[in-house]
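Written out below as structure tokens is the structure these notes cover.
The values are calculated or read from the model by the stated rules, or taken from the named source; none is laboratory data. These figures come from a predicted structure and were not determined experimentally. Cβ sites come from the backbone with ideal geometry, for glycine too, and all protein chains shown count toward neighbours. SASA here: full protein model, heavy atoms, side chains in, ligands and nucleic acids out. Shrake-Rupley method; radii C 1.70, N 1.55, O 1.52, S 1.80 Å.
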Amino acid sequence: MARKPNEAVGFYGVLSAATICGLGLTLTSFDPIRALFWSAVINGPVAVPILVLMMLMATNQRVMGRFTISGGLRLVGWVAAGVMALTAVGLFVPLGN
């Protein structure tokens, strides 16, 4: 069932705010490539807890009901969460001699 725009005020509010922020950034001297770089750097550590919460929810019978993920997907999801955690740690741990 399709919803009307007035039933999704929060969604359209966030969408409008993001559009206005993006427009505001284009009117400044802010380098868009630098913004993409830093958004990727921030995304790494932020993605780890989100991925862990998603896995906890996806494996919870009470939350997902009959759509709970099973063995193979569960393994791949937790491996992905682990790899993301290791890369996030690697972002802050200096390499070298």
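Report whether or not V63 is among the hydrophobic types (A, V, I, L, M, F, W, C), open to solvent by 50 Å² or more (accessible area, probe 1.4 Å) and touching a Leu at 6+ places or on another chain (Cβ under 9 Å). Spelling it out, V63 is indeed among the hydrophobic types (A, V, I, L, M, F, W, C), open to solvent by 50 Å² or more (accessible area, probe 1.4 Å) and touching a Leu at 6+ places or on another chain (Cβ under 9 Å). Among residues of the range 68-80 that are free of Cβ contacts under 8 Å to residues at least 60 places away in the same chain, none has a Cβ under 7 angstrom from a residue that is among the aliphatic types (A, V, I, L, M) and open to solvent by 80 Å² or more (accessible area, probe 1.4 Å) at a sequence gap of 6+ or on a separate chain.
For the range 69-92, the set of residues classified as hydrophobic (A, V, I, L, M, F, W, C) and part of a loop (DSSP other than H, G, I, E, B) consists of I69 only. Answer yes or no as to whether A8 is modelled with pLDDT under 85, among the small types (G, A, S) and open to solvent by less than 90 Å² (accessible area, probe 1.4 Å). So A8 passes the test. Sort through A47, A18, A40, A35 and tell me the only one that's in contact (Cβ under 8 Å) with a residue 24 or more places away in the chain, open to solvent by less than 100 Å² (accessible area, probe 1.4 Å) and within 19 Å of the chain's Cα centre (by Cα). From the options A47, A18, A40, A35, the qualifying one is A47.
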